[in-house]
1. Residue 5 to residue 32: FRET efficiency via 1/(1 + (r/R0)^6), r the Cβ-Cβ distance, R0 41 Å, to the nearest 0.05?
2. Excluding residue 8 itself, calculate the net charge of residues whose Cβ lies under 14 Å from the Cβ of residue 8, where each Lys or Arg counts +1 and each Asp or Glu counts -1.
3. Using 0.36 nm times the number of residues separating residue 77 and residue 54, minus their current alpha carbon distance, what extension gain do you get?
4. Residues with amide H under 5 Å of residue 61's amide H, sequence separation 5 or more or different chain, H placed in the peptide plane at 1.01 Å from N; which?
Amino acid sequence: MKDALANPAPLGLMGFGMTTVLLNIHNAGFFENDIMILAMGIFYGGLAQVIAGIMEFKKGNTFGTTAFTSFGLFTGLEGIPLHFDQKTCLIITTVTMINGARSNTQPTRATKRPGVF
């Protein structure tokens, strides 16, 4: 049985590399945080890497699957709080903690600490 899938590593590595370069250029102060950074982080750095990870899974590469899906989900979900201000993130964190306290399970150490991500 011949493997007809293309090599997904270039897609995953370019998604990781280009998103990292773009975020570092923003951190250096060359331009503001705008929709271009969010779109690049969520779709190219996030969604494209997850797709590359799924393709690596199909090829049987465990390391590529783990690396691309974990980096893709981290980068894609990292862009969501950048869209909100700190007050909104604090409210979301507090509501999550209150809902966790109302449940029957014991909260872990991590859920007892408020934070802004």
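Bear in mind that the values in this text are calculations on the coordinates, not laboratory data. Predicted model, so just to flag it, every value in this text is computed and none were measured. Cβ atoms come from the backbone with ideal geometry, glycine included; neighbour counts cover every protein chain shown.
1. 0.55
2. Value of the local net charge: 0.
3. 6.5 nm
4. Under 5 Å from the amide H of residue 61: no residue qualifies.
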